[in-house]
Amino acid sequence: MKSVNPILRWAGGKRRLAPKLRLLMPSVWNRYIEPMAGSAALFFYVAPDQAILADLNPDLINFYVVLRDDCAHLIGRLSHMRASRKSYYQMRELKPRSKLDRAVRFAYLNRLSWNGLYRVNKEGKFNSLLKLRMKTSLNQSTRH
Ligand SMILES: C[S@@+](CC[C@H](N)C(=O)[O-])C[C@H]1O[C@@H](n2cnc3c(N)ncnc32)[C@H](O)[C@@H]1O
């Protein structure tokens, strides 16, 4: 498969390091496993046919599952959303139940939060702030 950029912004993401990390990998391997995937920058760079991705963050994993299994609906929903301070803080308050709604909220907040930071309080409530300079479209490529 062809290399692609990571979809998510993620603190500690390895997007810029991915080409160097790739050189450290063996030329042949049986199975690609990334136990702390985050934005999975190396995975997207290597683009293996099969992989196992894991992470402690259930919202992150739900996002990838929906991206894999229901990509058209996910993109369709996101493409109709506008970026604004008001909608960011409204979205932050929501507690969606369905996998698709959770993935939409996760992607929306990831794109607009400060540094792409996923931060929760003691109650597990997402509380990252909005980034300061904000594009009004969600269709900007990631730089993290
Ligand atoms: C620095 S980020 C990984 C960055 C990733 N290499 C990338 O390119 O985005 C670390 C990730 O490890 C996850 N993590 C931390 N402790 C973990 C654990 N004990 N088991 C699984 N995932 C864990 C976090 O949720 C976070 O997504």
Could you tell me which of the residues 47, 83 is more than 13 Å from the ligand (Cβ to nearest atom), aliphatic (A, V, I, L, M), on the phi > 0 side of the Ramachandran plot and in contact with a Lys or Arg (Cβ under 7 Å, 6 or more places away or on another chain)? 47
Are any of the residues in the stretch 22-36 among the aliphatic types (A, V, I, L, M) and in contact (Cβ under 8 Å) with a residue 24 or more places away in the chain? no
For residue 85, indicate whether it is under 18 Å from residue 11 (Cα atoms) and either out of contact with any Asp or Glu (no Cβ under 7 Å at 6 or more places or on another chain) or of a type in the set (Asp, Glu) (or both). no
Which one of 12, 38 is among the small types (Gly, Ala, Ser), within 12 Å of the ligand (Cβ to nearest atom) and exposed (fewer than 13 other Cβ atoms within 10 Å of the Cβ)? 12
Does residue 27 qualify as being small (Gly, Ala, Ser) and more than 12 Å from the ligand (Cβ to nearest atom)? yes
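Please go through the stretch 34-68 and pick out each residue that is among the charged types (D, E, K, R) and within 16 Å of residue 11 (Cα to Cα).
Applying the first criterion (among the charged types (D, E, K, R)) to the stretch 34-68 yields 34, 49, 55, 59, 68.
55, 59 - these are the residues of the stretch 34-68 that are among the charged types (D, E, K, R) and within 16 Å of residue 11 (Cα to Cα).
Computed from the coordinates by the stated procedures, all read-outs in this text should not be read as laboratory data. What you see is a predicted model; the values in this text were computed from it and never measured. FYI the Cβ positions are ideal-geometry reconstructions off the backbone, even for glycines, and counts take in every protein chain you see.
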